[in-house]
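The values are calculated or read from the model by the stated rules, or taken from the named source; none is laboratory data. Note that the coordinates shown come from a computational prediction; the quantities given were computed from them, not determined experimentally. Backbone-built Cβ (ideal geometry, glycine too); neighbour counts: all protein chains shown. In case anyone asks, the SASA skips ligands and DNA or RNA and just uses the protein heavy atoms, side chains included. Shrake-Rupley method; radii C 1.70, N 1.55, O 1.52, S 1.80 Å.
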Amino acid sequence: MERPHRGIATDAAHSTKNNITEYQGINLETGERIFYRNLGNQTVNIGEFLGVVEAAKYIIENDFQPRTIYTDSMTAIAWWNAKHTASNKKNRELQKAEIFLKALSADVDSIKVIHWDNRTWGETPADFGNK
């Protein structure tokens, strides 16, 4: 399969040195960063999941086409599919994300979340490049 050129790529990073978790979304067609968020000291899985949810909100609010999100996080995809996280961290943002996924499930279910294959396509364009 050819590297995707349309949709939204998301990624998160966690710095143990700075105790910062951040995520962002990139429009694959234009290369433009369409959102960025610093979550403070969380986990990379929380960042990955919230990045996917933020992309879904962006798609719904802006009628973005195609309704496709790419992430290299299998955990984020599993949490998305379940509309529920497996995190033990008490986090208001996670609670709000789960409520959003359930409340807007008809819209949410029309959005595809696809695994970004780093081996085949290289790092996602949303990668922070600090590995």
Which residues, taken from the stretch 35-77, are more than 18 Å from Glu93 (Cβ to Cβ) and open to solvent by less than 60 Å² (accessible area, probe 1.4 Å)?
Ile59, Phe64, Pro66, Arg67, Thr68, Tyr70, Asp72, Ile77
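Which residue out of Leu50, Leu39 is in a helix (DSSP H, G or I), more than 19 Å from Asn118 (Cβ to Cβ) and either in contact (Cβ under 8 Å) with a residue 24 or more places away in the chain or of a type in the set (Asp, Glu) (or both)?
Working: Leu39 fails: in a helix (DSSP H, G or I).
None of the other options fit; the residue is Leu50.
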For the stretch 47-97, name all the residues that are β-branched (Val, Ile, Thr), more than 12 Å from Ala9 (Cα to Cα) and touching a His at 6+ places or on another chain (Cβ under 9 Å).
Ile77
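Determine whether the stretch 79-102 contains at least one residue that is in a loop (DSSP other than H, G, I, E, B), under 20 Å from Gly7 (Cβ atoms), open to solvent by 30 Å² or more (accessible area, probe 1.4 Å) and without any contact (Cβ under 8 Å) to a residue 60 or more places away in the chain.
no
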When you go through Asp109, Asp127, Asp63, Asp72 one by one, which is the residue that is of a type in the set (Asp, Glu), touching a helix residue (DSSP H, G or I) at 6+ places or on another chain (Cβ under 6 Å) and closer than 22 Å to Gly7 by Cβ?
Asp72
Could you tell me which residue of the stretch 1-22 is modelled with the lowest pLDDT, considering only residues that are of a type in the set (D, E, K, R) and either crowded, with 19+ Cβ neighbours inside 10 Å or closer than 22 Å to Thr75 by Cα (or both)?
Arg3
Members of the stretch 103-113 found to be among the aliphatic types (A, V, I, L, M) and open to solvent by 50 Å² or more (accessible area, probe 1.4 Å), listed by number:
Ala103, Leu104, Ala106
Index of the failed condition, Trp121 passing every other in (1) touching a residue at least 40 places away in the same chain (Cβ under 8 Å); (2) touching a Ser or Thr at 6+ places or on another chain (Cβ under 8 Å); (3) surrounded by 15 or more Cβ atoms within 10 Å (Cβ to Cβ)
(2)
